[in-house]
Structures are given as structure tokens and as C-alpha cells.
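The values are calculated or read from the model by the stated rules, or taken from the named source; none is laboratory data. Everything numeric here is computed off the predicted structure, so don't read it as measured data. FYI the Cβ positions are ideal-geometry reconstructions off the backbone, even for glycines, and counts take in every protein chain you see.
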Amino acid sequence: MRFARPGSRPSWRRGTALTEAQLRELGSLTKRLYLCFDADAAGQEATLRGMELAVKQGFDVRVVVLPKGQDPADAPDAFAARLGSAESYLHYRVRITLERMPDRQEAFVRAREILAHVEDSPERQEALRYGLLTERDLPFDEIELLGATGSERIDTLVHDLVEASEAAGDVVQGDEVGNAMLSLRSFMFEHVYLGPQVLPEHERARRVVRAIFDALVAEPERLPPGDEELATRVTDYLAGMTDRFALQHAAALGAE
């Protein structure tokens, strides 16, 4: 199979082996790599092997997942659309781990081991959430109404807000959509945000915040100028950090 996106150079593989030498050659052209093998067990193993090699060489790896029984050469005209929905390396790695292990708790432990040595990123957070819940675990009625993806749910909420507000003459959410969102929110707090599986992440967050706070108190010259007490200035500065910035800052301090 041969495929190229606009402005890119095409590349192809025959068989299921992807070697370090081939990756070095690809590395001179790009650092974004899409892997797509057959959807059978052999193809899955080939994807995992190729992924691990590519990640070690610094590639941003995406996996194009095919329906079972389909070959990458099938329906080539529709292949470009599949690139847009390709899974990140971490999401695919965690998903395959969960699907292969019958014991859910053991699978979660294994997924955390995979993620433990990975720098924090949106892809890591997505994979971590997937390790806590899969699509089949989500409440069916709420997902059916609001949408299967985050973008679909935002779209539903925004449209409902506009329509309900226009009808009410005030800014309001419709009862049906609003109640479904509150129900889904309660579910997520119980099973994800405050669930026992994420306690290590809570401790990690405390450790990161404490390390940054102590470092800034010790070196207040790093802070923006201000007249408030030092502790207040540090707290305000911390409150303005994104998760990614805070983790990177803590890592630089050796506290991550």
C-alpha cells in the first residue's frame, strides 16, 4: 500500500516487520508516523512492535485502527479520513492492554506502569482516563442524549443553551440536557475524579504543588512583582499555571 498526504512524501511497508534502519530513514523525512497494519492478531502485534521502536527513536506515533477483517489496502479512497481519527500511541497502548487482560484492576495497574515514565501531555491524560473507564462503562442514556465524544457533548450543550435561552428570555439550560449533564458529571466524579484508582494522581498533584510553592518561597525573585504577602503571591502564581506548565516546572525542580 502506498499513500501520501498533501505536501508529504509517501512511504510504504510490505509485510509486518518495521526495523530500526527503516525508522532512521523515515526520521530524515518526518517525526510524525502513522502505523496501520491488518486488524488481526498478527497485525496488532506488528503495530505494538513498530510503535515501541518508533517511540524510542522520538517519533510522534499515531495508530490507524481498521475494522476486523479489513486490510489497509481495502477502500483506499476512505483512508485519508481514517488518519484524522488515528489513536495516539499511549491511548492505543493502554486500550490494547485493557482489552487483553480479563482482570480490570490488574489491567489498570499495568496501564499505570505504562504511563508512569511518560511526560505529562494531553495524550497521557486521555490514556489515563481511558484506563479508568471505557466507552461501555459510561451511562448509556446520558451518552445517547449528549453525544459519544467530548466535542459532540459540547455541541449538544451549546445548541441546547441557545435554544432554551431564546425560548425562556434568559440564559438557561434545557431541563432534559441539563439533567443529563449533571448526571454524567456526578458519574465522572464518583468513578474517575474521586475514585480510588486515581488516588496516586492526587498525591502526585499535592507533591507537585508543594514543590513549586516551596521553591518559589525560597526564590521570590522568580515571581511577578506585587505588594501582597509572599504566600499570597505564590498562591496566585500557582493558581494561574496550567497542568502541563506545573508538571514541567516541577520536573525541572526534580520533584515530578
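Looking only at the stretch 71-84, count how many residues are loosely packed, with under 13 Cβ neighbours inside 10 Å and touching a residue at least 12 places away in the same chain (Cβ under 8 Å).
Qualifying residue count for the region: 3.
Within the stretch 35-59, track down each residue that is more than 21 Å from Arg100 (Cβ to Cβ) and either surrounded by fewer than 14 Cβ atoms within 10 Å (Cβ to Cβ) or at pLDDT 85 or above (or both).
Lys56, Gly58, Phe59
For the list (1) over 28 Å from His249 (Cβ atoms); (2) touching an Asp or Glu at 6+ places or on another chain (Cβ under 7 Å); (3) at pLDDT 80 or above; (4) not aliphatic (A, V, I, L, M), I need the number of the one condition that Phe140 fails.
Failing condition for Phe140: (2).
If you go through the stretch 224-238 one residue at a time, do you hit one that is at pLDDT below 90, surrounded by 11 or more Cβ atoms within 10 Å (Cβ to Cβ) and either out of contact with any strand residue (DSSP E or B) (no Cβ under 6 Å at 6 or more places or on another chain) or closer than 20 Å to Leu115 by Cβ (or both)?
Yes, the conditions are met somewhere in the stretch 224-238.
Here are the criteria: (1) under 30 Å from Leu161 (Cβ atoms); (2) in a helix (DSSP H, G or I). Tell me which single one Thr235 does not satisfy.
In the conditions (1) under 30 Å from Leu161 (Cβ atoms); (2) in a helix (DSSP H, G or I), Thr235 misses (1) alone.
Can you tell me how many residues within the stretch 90-108 are aliphatic (A, V, I, L, M) and either modelled with pLDDT of 80 or more or within 21 Å of Tyr34 (Cβ to Cβ) (or both)?
Start the filter on the stretch 90-108 by keeping residues that are aliphatic (A, V, I, L, M), which leaves 90, 94, 96, 98, 101, 107.
Going one step further and asking which of them are either modelled with pLDDT of 80 or more or within 21 Å of Tyr34 (Cβ to Cβ) (or both), we end up with 90, 94, 96.
Number of matching residues: 3.
Does Val171 satisfy the criteria of being touching a Pro at 6+ places or on another chain (Cβ under 9 Å) and aliphatic (A, V, I, L, M)?
Judged against the criteria, Val171 is not a match.
From (1) charged (D, E, K, R); (2) part of a helix (DSSP H, G or I); (3) free of Cβ contacts under 8 Å to residues at least 40 places away in the same chain, pick out the condition that doesn't hold for Arg207.
Evaluating Arg207 over (1) charged (D, E, K, R); (2) part of a helix (DSSP H, G or I); (3) free of Cβ contacts under 8 Å to residues at least 40 places away in the same chain leaves (3) as the failure.
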